[in-house]
Amino acid sequence: MSEALEEKIDTGTGYGLKPNGPLRHLAEVGPGTPYGEVLRRYWHPVGRSSDATSRPRKIKLLGEELILFRTRKDGTAALLHPRCVHRGASLFYGAVEDDGIRCCYHGWVFSPEGQCLEQPCEPGLGLHREKVRQPWYPLQERYGLIWAYMGPPELKPLLPRYDPFENIPDGHHLMVNDAGVGGGGPADLDFNWLQHWENVMDPFHVPILHARFSGEQFTAEMALMPEVAYEYTSNGVRSTQLRVLDESRVLRRVTEVMFPNIRVVPSPKLSEGTTNMIGWVVPGDDTNFRIFTVAVSEDPEFLSKLRSTHGGKPWATLSEDEHQRMPGDYEAQKSQGNVSFHADDHLSTTDQGVAMIRRMMAKQIRAVEAGSDPAGIIRDAESETVSITGGNFLVPTTSSGT
């Protein structure tokens with residue numbers, strides 16, 4: 001072959017491309033999966049307290065179909081598997097009564113803890129009904145949310161408290177939001193949860209995606225390219241971002257991820273001080289998740305006002321053409337695929353935080369497989385309250401190290 005012809009041969013084309021695929025041990029959440037078992041060592045929000053009513057509600061959590069309801073007599077919230085242990089009819093069609101839920105097929109009644117209370121077609125309403133148990137999960141209510149524990153009963157930890165939500169000052173409001181990413185996007189996100197969670201440790205996307213592409217969705221300060229340092233904490237990964245505002249001031253912005261799926265992201269509108277909000281990235285299954293955010297503020301509309309805009313327009317009102325021209329978090333994260341091919345990523349120096357999350361996730365998998373507690377599990381009531389360090393802080397240039 002001549003030298004001239006060799007120079008014309010294209011290289012690096014997509015012909016014969018064989019993608020490596022996802023890091024399934026990190027991304028998958030179902031029973032028996034490596035990180036799914038890690039997730040099952042913690043409490044997870046399954047909905048707002050108002051979501052549990054006397055009408056059965058379908059939910060999906062960690063790959064399991066479940067039924068959420070609240071008893072009529074004392075208002076106890078309950079989370080049961082839907083398939084009735086008698087003959088398999090779904091409890092979604094059941095009737096909630098004073099002390100439990102009655103199956104529509106043969107009328108068996110189950111308590112919030114799955115005990116069979118009545119078998120109306122059987123002699124004596126079921127002489128051996130105490131031997132039957134409908135699968136269920138423990139629930140607690142706190143901060144306007146219902147929390148479930150789906151792991152080994154003997155390893156159930158304490159449900160943590162979080163310092164921003166304790167001792168709320170007079171005139172302040174505790175609020176819950178379960179809207180999706182993208183400035184009011186869909187509440188149920190239709191891709192893998194990890195694509196969103198690890199994004200918290202990627203501050204470098206902010207000046208590109210949220211400023212250069214989509215027209216300064218937050219503030220002029222957030223559009224500045226930051227200098228970033230990352231560190232491991234006892235229960236996650238933290239980033240400290242420095243943005244030089246002028247000759248005398250630096251914005252020090254701190255974000256955190258805490259295990260197994262918590263995001264601590266201070267206001268992108270730059271409310272100063274330690275953040276007043278925390279979010280939980282809760283997988284329904286491998287390709288669906290929700291974000292539950294709790295905040296405390298004097299302004300009852302605080303969370304809704306944080307929603308970013310694209311060219312001054314809310315995400316939900318954009319046309320298909322505008323979504324293409326002004327992409328946000330949803331477009332960037334969903335377009336990675338239903339489950340990203342993580343093994344094909346080319347991580348660079350600015351992806352250090354993402355790499356740290358993945359390494360720490362793998363470490364928690366090994367801990368659980370060895371029979372140990374993963375990071376952040378609380379068993380001592382004196383350590384029940386978790387302290388938050390994330391926030392926005394204006395500091396003099398001489399104090400910033402720049």
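Brief remarks follow.
- Elements of type helices (runs of 4 or more DSSP H) contained in the range 307-402, each with 1 or more residues being free of Cβ contacts under 8 Å to residues at least 60 places away in the same chain: 320-325, 352-369, 397-400
- Top-ranked residue in the range 289-325 [being among the hydroxyl-bearing types (Ser, Thr, Tyr) and loosely packed, with under 14 Cβ neighbours inside 10 Å; ranked as nearest to Asp51 (Cα to Cα)]: Ser304
- Across the range 351-371, the number of residues qualifying as more than 23 Å from the chain's Cα centre (by Cα) and either among the hydrophobic types (A, V, I, L, M, F, W, C) or surrounded by 12 or more Cβ atoms within 10 Å (Cβ to Cβ) (or both) comes to 1.
- Matching residues in the range 137-160 - criterion: being surrounded by fewer than 15 Cβ atoms within 10 Å (Cβ to Cβ) and not in a loop (DSSP other than H, G, I, E, B): Gln140, Pro153, Glu154, Leu155
- Test: residue in the range 270-288 that is within 21 Å of Phe191 (Cα to Cα), free of Cβ contacts under 8 Å to residues at least 40 places away in the same chain and surrounded by 14 or more Cβ atoms within 10 Å (Cβ to Cβ): yes
One line per residue, one yes/no per condition, for (1) under 29 Å from the mean Cα position of the chain (by Cα); (2) more than 30 Å from Leu174 (Cβ to Cβ):
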{"position": "Gly88", "(1), (2)": "no, yes"}
{"position": "Val96", "(1), (2)": "no, no"}
{"position": "Cys103", "(1), (2)": "no, yes"}
{"position": "Pro120", "(1), (2)": "no, yes"}
{"position": "Pro123", "(1), (2)": "no, yes"}
{"position": "Leu127", "(1), (2)": "no, yes"}
{"position": "Arg133", "(1), (2)": "no, yes"}
{"position": "Trp136", "(1), (2)": "yes, no"}
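- Test: residue in the range 74-87 that is of a type in the set (Asp, Glu) and farther than 30 Å from Lys363 by Cβ: yes
- Any hit, the range 133-143, residues being closer than 30 Å to His210 by Cβ and either of a type in the set (Ser, Thr, Tyr) or at pLDDT below 95 (or both): yes
- Among the conditions (1) of a type outside the set (Ser, Thr, Tyr); (2) loosely packed, with under 15 Cβ neighbours inside 10 Å; (3) free of Cβ contacts under 8 Å to residues at least 24 places away in the same chain; (4) more than 26 Å from Phe191 (Cα to Cα), the only one that Asp98 does not satisfy is (3).
The values are calculated or read from the model by the stated rules, or taken from the named source; none is laboratory data. Note that the coordinates shown come from a computational prediction; the quantities given were computed from them, not determined experimentally. Neighbour counts are summed over all protein chains in view; Cβ atoms, including those assigned to glycine, are modelled from backbone coordinates with ideal geometry.
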